[in-house]
Amino acid sequence: MDNRKVQINITRNQKEIKEHGNYGFPVGINIEAIEAYEQGAFLWHWHPEIELTRVLSGQIEYHVNNKRYILTEGEGMFGNSNTLHAGYMISGQACTYLSVTFHPRFLYGYENSILQTKYVDFITSNDAWHSLKLEKDIRWHQDVLHIMQEIYTLSQNPPPDYELEVHMMLMRIWKDFYQFFHTLPEKEQKPQRHLERLRDMISYVQENYQQEIALDDVARHVNICKSECCRFFKKHMGMTLFEYIMFLRIQKSLPLLRAGESVTKTAGMVGFSSPAYYGQIFKRYMKCTPKEYQR
């Protein structure tokens, strides 16, 4: 990556706007760096692709749905299809990681095949299995991470049968996941439907961040009381609803400042009541003023 900071591009309901590979070969293989993102964090988002992460250096705070992980060098993560996830820099430390994303259909080929209904949907349709940390001291976890590295190495100098090789390696990985999840007690195989509420809350904020948002509004949107709304959001997001709104507004203001928009107009466009208040919150998150950021 170059020195310019980037951020995840998402739709109003947090779906990532990015192709992971293409329709014929829906696989994305990338080396990423958390410090390359604005504020050392990539925003909450989701995508239909399964995502495998392997930390190459440093450490990262990784959130998936209602779970928080600290991943260090040599560890990794399985992120299921359609899960909400975000990542944060820890104590200003750089972190480089390998990301391998692939659409579930790459595994099963065609709709309603036995590979889909028996082996893939069994995992991807279960909200309870949104993620799994890949540990250093578990043999099959390390096997998965080793295969990921093989996939990356192969991608750097693709042989004539590259796509076939990648498919076979991902199937080896999936077999390991299937064997693990299939042995879990039945009580752990029940979906957690309440996570739809979390996605609804985040979507509401995404759609309305440019105007005043009251706690009453969010609570009413998901049909719960204000106190439960506060408790639920803090539990699953690790921050208050107000903190998330401020964080999101600052993120949304950065492209406007880079495009040369005035501080006053930018403040109003992202939902701040005054340029002074915007400047105060901006400095809290960015450690500089909006004008300094523009320069």
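Would you check if there is a residue in segment 251-270 being assigned by TED's automatic domain parsing to the domain that holds Cys230, over 25 Å from Leu215 (Cα atoms), in contact with a Gly (Cβ under 9 Å, 6 or more places away or on another chain) and modelled with pLDDT of 90 or more?
yes
Please go through segment 66-82 and give me each residue that is surrounded by fewer than 22 Cβ atoms within 10 Å (Cβ to Cβ) and closer than 23 Å to Lys235 by Cβ, ordered by number.
The initial filter retains those residues of segment 66-82 that are surrounded by fewer than 22 Cβ atoms within 10 Å (Cβ to Cβ), namely 66-70, 72-74, 81-82.
Scanning segment 66-82 gives Asn66, Lys67, Arg68, Tyr69, Ile70, Asn82.
Here are Thr72, Thr53, Thr83, Thr11: which of them is at pLDDT 95 or above, under 26 Å from Arg105 (Cα atoms) and either of a type in the set (S, T, N, Q) or within 11 Å of the chain's Cα centre (by Cα) (or both)?
Working: Thr72 fails: under 26 Å from Arg105 (Cα atoms); Thr83 fails: at pLDDT 95 or above; Thr11 fails: at pLDDT 95 or above.
Residue meeting the stated conditions: Thr53.
Condition first: part of a helix (DSSP H, G or I) and out of contact with any Ser or Thr (no Cβ under 9 Å at 6 or more places or on another chain). Now tell me which residues in segment 269-280 satisfy that.
Across segment 269-280, the qualifying residues are Ala276, Tyr277, Gln280.
Checking the structure you have, find out if any residue of segment 139-159 is over 21 Å from Gly21 (Cβ atoms), at pLDDT 95 or above and either crowded, with 16+ Cβ neighbours inside 10 Å or in contact with a strand residue (DSSP E or B) (Cβ under 7 Å, 6 or more places away or on another chain) (or both). Explain how you work it out, then say what you get.
Going residue by residue through segment 139-159, those that are over 21 Å from Gly21 (Cβ atoms) are 139-143, 146.
So of that shortlist, the ones also at pLDDT 95 or above come out as 139-143, 146.
If we keep only those that are either crowded, with 16+ Cβ neighbours inside 10 Å or in contact with a strand residue (DSSP E or B) (Cβ under 7 Å, 6 or more places away or on another chain) (or both) too, we end up with 141-142.
Yes - at least one qualifying residue is present in segment 139-159.
Looking at Val270, Val263, which one is surrounded by 17 or more Cβ atoms within 10 Å (Cβ to Cβ) and within 24 Å of Ala86 (Cα to Cα)?
That would be Val270, the only listed residue that is surrounded by 17 or more Cβ atoms within 10 Å (Cβ to Cβ) and within 24 Å of Ala86 (Cα to Cα).
Only residues in segment 28-52 that are in contact (Cβ under 8 Å) with a residue 24 or more places away in the chain count as the first member; pair them with residues that are in a strand (DSSP E or B) and among the hydroxyl-bearing types (Ser, Thr, Tyr), Cβ under 6 angstrom, at least 6 apart or cross-chain, and list the lot.
These pairs meet every condition: Gly28/Thr101; Asn30/Ser99; Glu32/Tyr97; Glu32/Ser99; Ala33/Thr96; Ala41/Tyr88; Glu49/Thr101; Glu51/Thr101.
Going through Cys288, Cys225, Cys229 one at a time, which residue ends up being buried (at least 17 other Cβ atoms within 10 Å of the Cβ) and not assigned by TED's automatic domain parsing to the domain that holds Gly40?
Values: Cys288 fails: buried (at least 17 other Cβ atoms within 10 Å of the Cβ); Cys225 fails: buried (at least 17 other Cβ atoms within 10 Å of the Cβ).
Sole residue among the options that is buried (at least 17 other Cβ atoms within 10 Å of the Cβ) and not assigned by TED's automatic domain parsing to the domain that holds Gly40: Cys229.
Need pairs with beta-carbon distance below 7 Å; first residue assigned by TED's automatic domain parsing to the domain that holds Val166 and part of a loop (DSSP other than H, G, I, E, B) and within segment 104-119, second among the hydroxyl-bearing types (Ser, Thr, Tyr) and surrounded by 14 or more Cβ atoms within 10 Å (Cβ to Cβ); sequence gap 6+ or separate chains.
Going by the 7 Å Cβ cut-off, the qualifying pairs are Pro104/Ser81; Pro104/Thr124.
Here is a check on your reading of the model: is Phe242 surrounded by fewer than 14 Cβ atoms within 10 Å (Cβ to Cβ), assigned to a helix (DSSP H, G or I) and among the aromatic types (Phe, Trp, Tyr)?
Details: surrounded by fewer than 14 Cβ atoms within 10 Å (Cβ to Cβ): yes; assigned to a helix (DSSP H, G or I): yes; among the aromatic types (Phe, Trp, Tyr): yes.
It is true that Phe242 is surrounded by fewer than 14 Cβ atoms within 10 Å (Cβ to Cβ), assigned to a helix (DSSP H, G or I) and among the aromatic types (Phe, Trp, Tyr).
For Ser113, state whether it is modelled with pLDDT under 95, more than 30 Å from Glu35 (Cβ to Cβ) and surrounded by fewer than 19 Cβ atoms within 10 Å (Cβ to Cβ).
Numbers: modelled with pLDDT under 95: yes; more than 30 Å from Glu35 (Cβ to Cβ): yes; surrounded by fewer than 19 Cβ atoms within 10 Å (Cβ to Cβ): yes.
The answer is yes for Ser113.
Looking only at segment 179-203, count every residue that is at pLDDT 75 or above and not charged (D, E, K, R) and tell me the total.
Selection size over segment 179-203: 10.
When you look at Glu163, is it touching a residue at least 40 places away in the same chain (Cβ under 8 Å), more than 24 Å from the chain's Cα centre (by Cα) and either in the same structural domain as Phe247 (by TED's automatic domain parsing) or at positive phi (or both), yes or no? Before you say what the answer is, go through the steps one by one.
Working: touching a residue at least 40 places away in the same chain (Cβ under 8 Å): yes; more than 24 Å from the chain's Cα centre (by Cα): yes; either in the same structural domain as Phe247 (by TED's automatic domain parsing) or at positive phi (or both): no.
For Glu163, the condition - touching a residue at least 40 places away in the same chain (Cβ under 8 Å), more than 24 Å from the chain's Cα centre (by Cα) and either in the same structural domain as Phe247 (by TED's automatic domain parsing) or at positive phi (or both) - is not met.
Taking segment 195-240, which residues are in contact (Cβ under 8 Å) with a residue 24 or more places away in the chain and over 18 Å from the mean Cα position of the chain (by Cα)?
Taking segment 195-240 and keeping what is in contact (Cβ under 8 Å) with a residue 24 or more places away in the chain, we get 195, 197-199, 201-203, 205-207, 209-213, 215, 222, 224, 229, 232-233, 235-238.
Passing the criteria: Glu207, Tyr209, Gln210, Gln211, Glu212, Ile213, Leu215, Val222, Ile224, Cys229, Phe232.
The values are calculated or read from the model by the stated rules, or taken from the named source; none is laboratory data. Note that this is a predicted model, so its numbers are computed, not measured. A quick note on method: Cβ atoms are made from the backbone with ideal geometry, for glycine too, and the neighbour counts reach across all protein chains shown.
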